[in-house]
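Below is one structure; the comments refer to it alone.
The values are calculated or read from the model by the stated rules, or taken from the named source; none is laboratory data. This is a predicted model, so every value here is computed, not measured. Because the Cβ atoms are built from the backbone with ideal geometry, glycine has one as well, and the counts that use them run over all protein chains shown. Only protein heavy atoms, including side chains, enter the accessible area calculation; ligands, DNA and RNA are left aside. Shrake-Rupley method; radii C 1.70, N 1.55, O 1.52, S 1.80 Å.
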Amino acid sequence: MYKIVAKEKLCPVVDFMKIEAPAVAKKAKAGQFVVVRVDEVGERIPLTLADWDDKEGTVTLVAMQVGTTTYKLAKLNTGDQILDLIGPLGLSSEIDNFGTVVCVGGGVGVAPVYPIARALKQAGNKVITIMGARSKDLLFWEDRLRSVSHELIVTTDDGSYARKGVVTEPLKEILEKNKQISRVIAIGPAIMMKFCSLTTKPFGVTTLVSLNSIMVDGTGMCGCCRASVEGSTKFVCVDGPEFDGHQVDWDLVFNRQRIYCDEERQSLELWKTHQCQHS
Amino acid sequence: MEEKAKPKLDLNRVAMPRQDPKARARNFNEVALGYTHDMALQEANRCIQCPKRPCADGCPVNVDIPEFIKAIRDNDMAESVRIMKGKNALPGICGRVCPQETQCEEVCTLSKKGAPIAIGRLERYVADWEREHSAELATSPNLLPSTGKKVAVIGSGPAGLTCAADLVKFGHKVTIFEALHVAGGVLMYGIPEFRLPKAIVQGEVDYVKSLGVEVRLDSVMGKLATVDELLESNYDAVFLGTGAGLPMFLDIPGENFNGVYSANEFLTRVNLMKAYLFPEYDTPIKIGKKVAVVGGGNVAMDSARCALRLGADEVYIIYRRSRVEMPARHEEVENAEEEGIIFKLLTNPKRFIGNDQGWVTAMECYGMELGEPDASGRRRPIIKEGSEFTIEVDVAVVALGTTPNPLIPSTTKGLETRKNGTVMANEETGKTVKDRVWAGGDVVTGAATVISAMGAGKRAAASIDAHLKSTKS
């Protein structure tokens, strides 16, 4: 069992959780993920680490309510426990002094971008961060990201806060203005990562994306998370989660994310019905 | 002179009662129902207690088979349990999934007469009797005094559990590290409920824990800690029983279409995550109308039979050789056939065909014929020119076998591995070339049987014990 030691709503559909997992915290690196199973009947889902604290023995997860597991997580409070937390899994982000890097976080993807931007800044890079959300009430961690960036640009799709538009617009401007960008790291919805990759491609700038595939074990055992990168099949759990965005077969990513759409809806509706009956 | 009457051989093997094929094809309950006490007695009485005991030699963990059978005959079930557990910590599992027909039963003296003693069924009977009478048994296993030595066992499958059980009996402190959220390895994620009920596996895991073995779940070694870190901390030895968990794919076009599963994923969803109970359990699985399973081993049979139980209309086994070359146990092929699995033999997939939504809709296959024997001794399948045909499918499961997960070898300095990813270890002792590290089971041999992994775990435990006793603390 893994105890939740702090819990906070970052916005109506996004939850922040600090969870006791000392062994995982000791080994965690930027870009890695954990697999969680909330309860006995629960599914195993991957969540990229948003932070960790070796001294405290905790890991931080930020989850958006999209399916049964994340709805269940949202219902838990400080002091509650989750049944399983497995990690740290996957390869960590490549951290080096590349020069100037652009970190792009979209939606809930802002959370895993944070430790990567921090590590890049610590490694001596000039870090420009772009964070975006559909609207103001879905934005979180602006301060945190500002603290690990030399420059921060915020966008909202509807213009309810900061710059109106999507993250690819400032990304393109930066690339046009600054010929010295060494790499771009983009994390967010698959569609955003695809368009970030398309935006950077003409500039020939290395672009890494963190794929959020469906997984079961997360250790290379099932092959559920397979993606096609540069024409060859990769397992996101052990070969990733970060890949060269210019080489990813995005159509396959979108298709495979939809495998269980119907079942996910059915599961969530059932869970919500149970919640109503019990409250 | 009166001639000594030779005892008449009873060649009527007592059949195993099983669920009716029609009924069982739609439920996940155990297929084989187990002997009644009378059946067990009748079968045990057929044993001629020959002095040569070939059966015990035919068992990879050398269970004292004639003795446990004699105890059944004497109606001393507690004694039978004691004899069994002396050599085998997991009899309920072995009695169900061991290929006895190529081991103890193959060499049984009565085998020459075509009616070997049903040792596996008797073993299962003894194990099940113990489970039902555990309260009155209160057996205390013989543990040797504590040596103060600590061993880390990585993986809680058959090899790890057996190795741990023996080591703790020798007096060592043992911690098992398991990557998944339950112990049992392939016994939990791979073999389906209807062949090996998960409560039986957990019962035997609990027995190993009751001996004093600590089991740490959710612990992915190589990530959470490396083998070297374990050795540098306070472990005197490490046993790798990490199995062969990496799925092999066909590497043909269309394999990433939605609806194409590795057998590992398909079975893990069904068994470990209980997707057959969706939506009561959260993990989903696609229930196909027409399901094709590619492969001819036990895993292929398990996948096909799971697909049928999930509710498929038609399930095919697609196998590139003929019936006789199938690596699956004869009994499982028979079970599958009885349940209505359709065998498409001498057939090999060429490519998967999908729709514009990315879902598999069909499989194009070659017809095959058999040529000269290959390295495996089996006749090599050859593509028949112009034999392509298409089968409509909405779910496909690729059950071609598995290779070891590279997570441990790639994070451990000084381990030697073969091209196929298996770890090199001494066949007799399980010792690897790395100091204080042993390995056994599928991680060494590639995918094999539960009992051979248990045998390897047992031999490694003896070797680790000898090593620990020869070194000063």
Residue list for segment A:234-279, restricted to those being in contact (Cβ under 8 Å) with a residue 12 or more places away in the chain, open to solvent by 60 Å² or more (accessible area, probe 1.4 Å), charged (D, E, K, R) and more than 22 Å from B:ASN355 (Cα to Cα): A:ASP239, A:LYS272
Residues located in segment B:106-115, provided they are part of a loop (DSSP other than H, G, I, E, B) and open to solvent by less than 20 Å² (accessible area, probe 1.4 Å): B:CYS108, B:ALA115
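Go through segment B:271-307 and give me each residue that's more than 16 Å from the chain's Cα centre (by Cα), β-branched (Val, Ile, Thr) and within 20 Å of B:VAL186 (Cα to Cα).
Of segment B:271-307, the ones more than 16 Å from the chain's Cα centre (by Cα) are B:273-295, B:304-307.
Still in the list and also β-branched (Val, Ile, Thr): B:283, B:285, B:287, B:291, B:293-294.
Those that are more than 16 Å from the chain's Cα centre (by Cα), β-branched (Val, Ile, Thr) and within 20 Å of B:VAL186 (Cα to Cα): B:THR283, B:ILE285, B:VAL293, B:VAL294.
Of the residues B:GLU265, B:GLU280, only one is without any contact (Cβ under 8 Å) to a residue 24 or more places away in the chain and in contact with a Pro (Cβ under 8 Å, 6 or more places away or on another chain); which?
Values: B:GLU280 fails: in contact with a Pro (Cβ under 8 Å, 6 or more places away or on another chain).
Matching residue, one of B:GLU265, B:GLU280: B:GLU265.
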Matching entry among A:LEU10, A:LEU49 (being of a type outside the set (Asp, Glu), within 28 Å of A:SER135 (Cα to Cα) and open to solvent by less than 10 Å² (accessible area, probe 1.4 Å)): A:LEU49
Checklist (1) in contact with a helix residue (DSSP H, G or I) (Cβ under 6 Å, 6 or more places away or on another chain); (2) open to solvent by 20 Å² or more (accessible area, probe 1.4 Å); (3) among the aliphatic types (A, V, I, L, M) applied to A:VAL38, failing item: (2)
Pair list, Cβ under 6 Å, 6 or more apart: segment A:5-34 residue away from every other protein chain (no Cβ under 14 Å) and closer than 13 Å to A:GLU56 by Cα, other residue open to solvent by 20 Å² or more (accessible area, probe 1.4 Å) and aromatic (Phe, Trp, Tyr): none
Condition met for B:LEU240 (more than 13 Å from chain A (Cβ to nearest Cβ) and in contact with a helix residue (DSSP H, G or I) (Cβ under 7 Å, 6 or more places away or on another chain)): yes
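Suppose we keep only residues that are basic (Lys, Arg) and open to solvent by 60 Å² or more (accessible area, probe 1.4 Å) within segment B:11-42. Which one would you say is nearest to the chain's Cα centre (by Cα)? So that I can check it myself, show each step before the final result.
Taking segment B:11-42 first, the residues basic (Lys, Arg) are B:13, B:18, B:22, B:24, B:26.
Keeping just the survivors that are open to solvent by 60 Å² or more (accessible area, probe 1.4 Å) gives B:13, B:18, B:22, B:26.
On the way: B:ARG13: 25, B:ARG18: 20, B:LYS22: 26, B:ARG26: 23 Å.
The extreme case among them is B:ARG18.
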Filtered residue count, segment B:80-105, keeping only those that are more than 16 Å from B:MET16 (Cβ to Cβ) and open to solvent by 40 Å² or more (accessible area, probe 1.4 Å): 4
In segment B:231-262, the residues that are open to solvent by 40 Å² or more (accessible area, probe 1.4 Å) and free of Cβ contacts under 8 Å to residues at least 12 places away in the same chain: B:GLU232, B:SER233, B:ASP251
Unmet requirement for A:SER210, which otherwise passes all of (1) over 19 Å from A:THR70 (Cβ atoms); (2) away from chain B (no Cβ under 14 Å); (3) open to solvent by less than 10 Å² (accessible area, probe 1.4 Å): (1)
Number of positions in segment B:385-401 that are surrounded by 13 or more Cβ atoms within 10 Å (Cβ to Cβ) and farther than 15 Å from B:VAL293 by Cα: 2
Any chance A:TYR71 is open to solvent by less than 60 Å² (accessible area, probe 1.4 Å) and within 14 Å of chain B (Cβ to nearest Cβ): yes
Subset tally (residues that are open to solvent by less than 20 Å² (accessible area, probe 1.4 Å), assigned to a helix (DSSP H, G or I) and under 20 Å from B:THR268 (Cβ atoms)) for segment B:298-335: 11
Long-range neighbours under 9 Å by Cβ, at least six apart or interchain, first residue within 13 Å of chain A (Cβ to nearest Cβ) within segment B:352-369, second among the aromatic types (Phe, Trp, Tyr) and assigned to a strand (DSSP E or B): B:VAL360/B:PHE352
Test set (1) outside any loop (DSSP other than H, G, I, E, B); (2) away from chain A (no Cβ under 14 Å); (3) under 18 Å from the mean Cα position of the chain (by Cα); (4) over 21 Å from B:LEU407 (Cα atoms) - B:GLY160 fails condition number: (4)
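Mind checking which residues of segment B:271-291 are part of a loop (DSSP other than H, G, I, E, B), open to solvent by 30 Å² or more (accessible area, probe 1.4 Å) and at the interface with chain A (Cβ under 9 Å from one of its Cβ atoms)? Even if it seems obvious, please write down each step before you answer.
So in segment B:271-291, the residues part of a loop (DSSP other than H, G, I, E, B) come out as B:273-274, B:278-289.
Then drop every residue that is not open to solvent by 30 Å² or more (accessible area, probe 1.4 Å), which leaves B:274, B:278-281, B:286-287, B:289.
If the condition is that a residue be part of a loop (DSSP other than H, G, I, E, B), open to solvent by 30 Å² or more (accessible area, probe 1.4 Å) and at the interface with chain A (Cβ under 9 Å from one of its Cβ atoms), then B:LYS274, B:PHE278, B:PRO279, B:GLU280, B:TYR281, B:LYS286 are the ones that fit.
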Hits in segment B:257-270 (condition: farther than 17 Å from B:LEU400 by Cα, facing chain A (nearest Cβ under 9 Å) and either of a type outside the set (Phe, Trp, Tyr) or in a helix (DSSP H, G or I) (or both)): B:ASN258, B:ARG269
Close pairs from segment A:75-87: first within 23 Å of A:ASP54 (Cβ to Cβ) and within 13 Å of chain B (Cβ to nearest Cβ), partner assigned to a helix (DSSP H, G or I) and open to solvent by less than 60 Å² (accessible area, probe 1.4 Å), Cβ under 7 Å, at least 6 apart: A:LEU85/A:VAL24; A:GLY87/A:VAL24
Segment B:179-190, residues that are surrounded by 24 or more Cβ atoms within 10 Å (Cβ to Cβ) and either more than 13 Å from every other protein chain (Cβ to nearest Cβ) or in a loop (DSSP other than H, G, I, E, B) (or both): B:ALA179, B:LEU180, B:ALA183, B:GLY184, B:GLY185, B:LEU187, B:GLY190
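Matching residues to (1) buried (at least 22 other Cβ atoms within 10 Å of the Cβ); (2) touching a strand residue (DSSP E or B) at 6+ places or on another chain (Cβ under 8 Å); (3) in a strand (DSSP E or B):
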| position | (1), (2), (3) |
| --- | --- |
| A:ILE128 | yes, yes, yes |
| A:MET131 | yes, yes, yes |
| A:ASP137 | no, yes, no |
| A:SER149 | yes, yes, no |
| A:ILE153 | no, yes, yes |
| A:VAL166 | no, yes, no |
| A:LEU171 | yes, yes, no |
| A:MET192 | no, yes, no |
| A:CYS196 | yes, yes, no |
Residue list for segment A:215-258, restricted to those being under 20 Å from the mean Cα position of the chain (by Cα) and facing another protein chain (nearest Cβ under 7 Å): A:VAL216, A:ASP217, A:THR219, A:GLY220, A:CYS224, A:ARG226, A:SER228, A:LEU252, A:ASN255, A:ARG256
